[in-house]
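Engineer: Starting off with a structure, shown below.
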Amino acid sequence: MYTLLPALLSAADAISKPNIVLIMADDLGYGDLSCYGSQNCNTPHLDRLAANGIRFTDFHSSGAVCSPTRAGLLTGRYQQRAGIDGVVYANPKKNRHHGLQKNEITLAQCLQDAGYQTGMFGKWHLGYQRQYNPTFRGFQQFVGYVSGNVDYFAHLDGTGVFDWWHNAELNREEQGYVTHLINDHALEFIRQQQEKPFFVYIAHEAVHSPYQGPHDQPMRKEGGGDIKSAKRKDIANAYREMNTEMDKGIGQIVDVLKEVNLTEKTFIFFLSDNGANKNGSNGKLRGFKGSLWEGGHRVPAIACWPGRIPEGTVCDEPVISIDLMPTILELANAKIPAGHKLDGVSLVSLLKDRKSLVPRQIFWEYNGKSAMRQGHWKLVLNQTRKEPIELYDLTRDMSESKNLADNQPQRVQQMQSALAAWKSDVQKTATTQPEK
């Protein structure tokens, strides 16, 4: 449902090809923005973006950790179907050889085919090998890193390997604080776009560890090992500084769009890849990153397109990150290959016409745990040994404190059956990963 909805422009006007700015924060929790009630972080630029657009209260990442959500975001498919249901680790003893396979069609590929200029700046985390580089997956420009996180100054991944790329080549020349670099390259990309519509994916490292503010020092050494003396002890302050710098950069993105007269021609969407860990805030939600309680996957999300979608609006429809690809493709009048299955649904009618979505079921699975939404009911399986089956009424119990499973056996059975059917479906069509 919506509140404070002004009149919208005609449907014909709303479906002109907009520029697309997709911004993803890393490990940012539901309670980490001031417009979501944060007491620790002041985020005036994101607050302003929300005031000029739509703030979602029931938006979810498709994964409870980073790689899966990113796979879902860029394919419009549950990550279990897209072949990346867990983290792609930097450690070669784990699954460093995995990545987003070529049979998976990306949002960037579809938009490039539709005439868009495409650029990505920041965190990839969908494959370390060169064949998985974003420039081979639909992005014409890429500056950033391919691992789960890097030292914000030394640009080293968690194993001490240098990880800063310009397109498909390492670049050791560029120095600077990662948050600033990501934003600066995105600003340059936007300024360069004059002739064609553009899609820019800005995948921030903030507020993921290592916890380094803009005035700190490198923490990692090449080849492995940390510089212990450089580690911050006041993590809460570092976290706030990191969030502040990301927020400032997003303000600069909005400003440059105004500078080049593209404000009303640009659709902006901001989200986080999963909930916060214990260093951040998920507000009143239960659980943290990695869990399938709400704190693991209900995240802040904001949509803004001045003059096209309503301002000052709060939307409490349940929405998931895999919905963004079909949404953006519809806005861009772009197509996917015939017969290619997307799991998300377009939000265009929700955004521009205030129409509620058709009721549906939404699913999560990670590390042996499963969950699903059916309306305001949520089923959680195997999150704890003490209560392997949990059922919550989220309209009355957003913090998932009262397990109603024993009181609703028929509902539990029906939802378990639906979850089992979903698992069977995605497993049948799942993209496989190569052996070592």
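Engineer: Just one of the numbered conditions (1) open to solvent by less than 50 Å² (accessible area, probe 1.4 Å); (2) outside any helix (DSSP H, G or I) is not true of SER424; which one?
Structural biologist: For SER424, the failing item is (2).
Engineer: Let me ask something else. Take the residues of segment 337-365 that are more than 21 Å from the chain's Cα centre (by Cα) and surrounded by 15 or more Cβ atoms within 10 Å (Cβ to Cβ): which is modelled with the highest pLDDT?
Structural biologist: Per the stated criteria, the residue is SER349.
Engineer: Considering only segment 308-346, state which residues are polar (S, T, N, Q) and outside any strand (DSSP E or B).
Structural biologist: To start, the set of residues in segment 308-346 that are polar (S, T, N, Q) comprises 313, 321, 327, 333, 346.
Scanning segment 308-346 gives SER321, THR327, ASN333, SER346.
Engineer: Being buried (at least 21 other Cβ atoms within 10 Å of the Cβ) and hydroxyl-bearing (Ser, Thr, Tyr) is the filter here, so list the residues in segment 257-286 that pass it.
Structural biologist: Answer for segment 257-286, where residues must be buried (at least 21 other Cβ atoms within 10 Å of the Cβ) and hydroxyl-bearing (Ser, Thr, Tyr): THR266, SER272, SER281.
Engineer: Tally the residues that are in contact (Cβ under 8 Å) with a residue 60 or more places away in the chain, touching an Asp or Glu at 6+ places or on another chain (Cβ under 9 Å) and not charged (D, E, K, R), restricting the search to segment 24-34.
Structural biologist: Our first condition is that a residue be in contact (Cβ under 8 Å) with a residue 60 or more places away in the chain; within segment 24-34, this holds for 24-33.
This time we only want the ones that are touching an Asp or Glu at 6+ places or on another chain (Cβ under 9 Å), so: 24-28, 30, 33.
With not charged (D, E, K, R) added as a condition, the list becomes 24-25, 28, 30, 33.
Number of matching residues: 5.
Engineer: Can you name the number of the only condition in (1) in contact with a Lys or Arg (Cβ under 6 Å, 6 or more places away or on another chain); (2) farther than 24 Å from TYR239 by Cβ; (3) open to solvent by less than 10 Å² (accessible area, probe 1.4 Å) that VAL314 fails?
Structural biologist: (3)
Engineer: Now for a different question. Being at pLDDT 95 or above, open to solvent by 30 Å² or more (accessible area, probe 1.4 Å) and not charged (D, E, K, R) is true for just one of ASN52, ASN91. Which residue is that? It would help to see each step written out before you state the result.
Structural biologist: On the way: ASN91 fails: at pLDDT 95 or above.
The unique qualifying residue is ASN52.
Per-residue answers, yes or no, for (1) farther than 27 Å from ASP247 by Cβ; (2) of a type in the set (Val, Ile, Thr); (3) touching a Leu at 6+ places or on another chain (Cβ under 8 Å):
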site	(1), (2), (3)
TRP124	no, no, no
ARG137	yes, no, yes
VAL143	no, yes, yes
VAL150	no, yes, yes
PHE153	no, no, no
VAL161	yes, yes, no
ASN171	no, no, no
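Engineer: Yes or no: PHE139 outside any strand (DSSP E or B) and crowded, with 24+ Cβ neighbours inside 10 Å? Outline the logic, then answer.
Structural biologist: On the way: outside any strand (DSSP E or B): yes; crowded, with 24+ Cβ neighbours inside 10 Å: yes.
Judged against the criteria, PHE139 is a match.
Engineer: Do we find a residue being surrounded by fewer than 16 Cβ atoms within 10 Å (Cβ to Cβ), among the aliphatic types (A, V, I, L, M) and assigned to a helix (DSSP H, G or I) anywhere in segment 390-408?
Structural biologist: So far as segment 390-408 goes, no, none of its residues is surrounded by fewer than 16 Cβ atoms within 10 Å (Cβ to Cβ), among the aliphatic types (A, V, I, L, M) and assigned to a helix (DSSP H, G or I).
Engineer: Do the conditions hold for LYS369, that is, is it surrounded by 18 or more Cβ atoms within 10 Å (Cβ to Cβ) and either within 17 Å of the chain's Cα centre (by Cα) or not small (Gly, Ala, Ser) (or both)?
Structural biologist: On the way: surrounded by 18 or more Cβ atoms within 10 Å (Cβ to Cβ): yes; either within 17 Å of the chain's Cα centre (by Cα) or not small (Gly, Ala, Ser) (or both): yes.
Considered against the rule, which asks whether it is surrounded by 18 or more Cβ atoms within 10 Å (Cβ to Cβ) and either within 17 Å of the chain's Cα centre (by Cα) or not small (Gly, Ala, Ser) (or both), LYS369 comes out as yes.
Engineer: Looking at segment 289-306, is at least one residue open to solvent by 10 Å² or more (accessible area, probe 1.4 Å), more than 21 Å from GLU390 (Cα to Cα) and among the hydrophobic types (A, V, I, L, M, F, W, C)?
Structural biologist: The answer is no; no qualifying residue exists.
Engineer: Answer yes or no: is there a residue in segment 364-386 that is in a helix (DSSP H, G or I), touching a Leu at 6+ places or on another chain (Cβ under 6 Å) and touching a residue at least 40 places away in the same chain (Cβ under 8 Å).
Structural biologist: Taking segment 364-386 first, the residues in a helix (DSSP H, G or I) are none.
No, that holds for no residue.
Engineer: OK, next. What is the residue count in segment 261-297 for residues that are outside any loop (DSSP other than H, G, I, E, B) and of a type in the set (A, V, I, L, M)? If you could, list the steps in order and put the result at the bottom.
Structural biologist: First, pick out the residues of segment 261-297 that are outside any loop (DSSP other than H, G, I, E, B): 263-272, 294-297.
In the following step, the residues that additionally are of a type in the set (A, V, I, L, M) were identified as 268, 271.
Going through segment 261-297 one residue at a time, the tally reaches 2.
Engineer: Continuing with the same structure: If you go through segment 224-239 one residue at a time, do you hit one that is of a type in the set (S, T, N, Q) and modelled with pLDDT under 95? Please lay out each step first, then the result.
Structural biologist: Step one: filter segment 224-239 for residues of a type in the set (S, T, N, Q), giving 229, 237.
This time we only want the ones that are modelled with pLDDT under 95, so: 229.
Checking segment 224-239: at least one residue is of a type in the set (S, T, N, Q) and modelled with pLDDT under 95.
Engineer: Would segment 325-335 turn up any residue that is acidic (Asp, Glu), surrounded by 24 or more Cβ atoms within 10 Å (Cβ to Cβ) and out of contact with any strand residue (DSSP E or B) (no Cβ under 6 Å at 6 or more places or on another chain)?
Structural biologist: So the first thing to find is which residues in segment 325-335 are acidic (Asp, Glu), and the list is 330.
From what is left, the residues that are surrounded by 24 or more Cβ atoms within 10 Å (Cβ to Cβ) are none.
No, segment 325-335 contains no residue that is acidic (Asp, Glu), surrounded by 24 or more Cβ atoms within 10 Å (Cβ to Cβ) and out of contact with any strand residue (DSSP E or B) (no Cβ under 6 Å at 6 or more places or on another chain).
Engineer: Pull out all pairs, ordered by first then second residue, where Cβ-Cβ is under 7 Å, the residues are six or more apart or on different chains, the first lies in segment 99-114 and is aromatic (Phe, Trp, Tyr), and the second is in a loop (DSSP other than H, G, I, E, B).
Structural biologist: Qualifying pairs under 7 Å: none.
Engineer: Would you mention how many residues in segment 37-49 are open to solvent by 30 Å² or more (accessible area, probe 1.4 Å) and out of contact with any Ser or Thr (no Cβ under 6 Å at 6 or more places or on another chain)?
Structural biologist: Quick first cut of segment 37-49, residues open to solvent by 30 Å² or more (accessible area, probe 1.4 Å) only: 37, 39-40, 42, 44-45, 47-48.
Now restrict to residues that are out of contact with any Ser or Thr (no Cβ under 6 Å at 6 or more places or on another chain): 37, 39-40, 44-45, 48.
Selection size over segment 37-49: 6.
Engineer: Condition first: more than 18 Å from the chain's Cα centre (by Cα), modelled with pLDDT of 90 or more and either of a type in the set (A, V, I, L, M, F, W, C) or not in a loop (DSSP other than H, G, I, E, B) (or both). Now tell me which residues in segment 1-34 satisfy that.
Structural biologist: At the first step, the residues of segment 1-34 found to be more than 18 Å from the chain's Cα centre (by Cα) are 1-19, 34.
Imposing the further condition that a residue be modelled with pLDDT of 90 or more reduces the set to 17-19, 34.
Passing the criteria: ASN19, SER34.
The values are calculated or read from the model by the stated rules, or taken from the named source; none is laboratory data. Everything numeric in this text was worked out from a predicted model, so none of it was measured. Don't worry about glycine lacking a Cβ; one is built from the backbone with ideal geometry, like all the others, and counts go over all protein chains shown. Each accessible area value is taken on the protein alone, full model and side chains, heavy atoms only, with ligands, DNA and RNA left out. Shrake-Rupley method; radii C 1.70, N 1.55, O 1.52, S 1.80 Å.
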